[in-house]
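Q: Starting off with a structure, shown below.
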Amino acid sequence: EIERCINEIQPHLCKTVMENFNKRVHMCQQSRGGRLPDML
């Protein structure tokens, strides 16, 4: 079941997730490790 779900993940979704992650890492670096504005 898990393998089937993983295989259903579309490549463009992975790309979007990685771009979002990189954006958040950059925001974290800019705030010197402080809180991100859209996170609690």
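Where a number appears in this text, it was derived from the coordinates with a stated rule and is not lab data. Since the model is a prediction, treat every value here as computed from it, not as a measurement. Reconstructed Cβ throughout: ideal geometry from the backbone, glycine too, with neighbour counts over all protein chains shown.
Q: How long is the chain along each principal axis, judged by its Cα atoms, biggest number first, in Å?
A: 40, 19, 13
Q: Which one, T16, Q30, C5, projects farthest toward the positive side of the charge dipole computed for the chain from Cβ point charges (K/R +1, D/E -1)?
A: Q30
Q: While we're on this one: Per residue of the chain, what 222 nm ellipticity follows from adding -39500 (n - 2.57) for every DSSP H run with n ≥ 4, rounded to the nearest 500? Don't skip to the answer; put the middle values down first.
A: Numbers: 2 runs with 26 residues, N = 40.
-20500 deg cm²/dmol, from helical runs alone.
Q: Also, I was wondering about something else. With labels modelled as points extended 7 Å from the Cα through the Cβ direction, what inter-label distance (nm, one decimal) is found for R32 paired with V17?
A: 3.3
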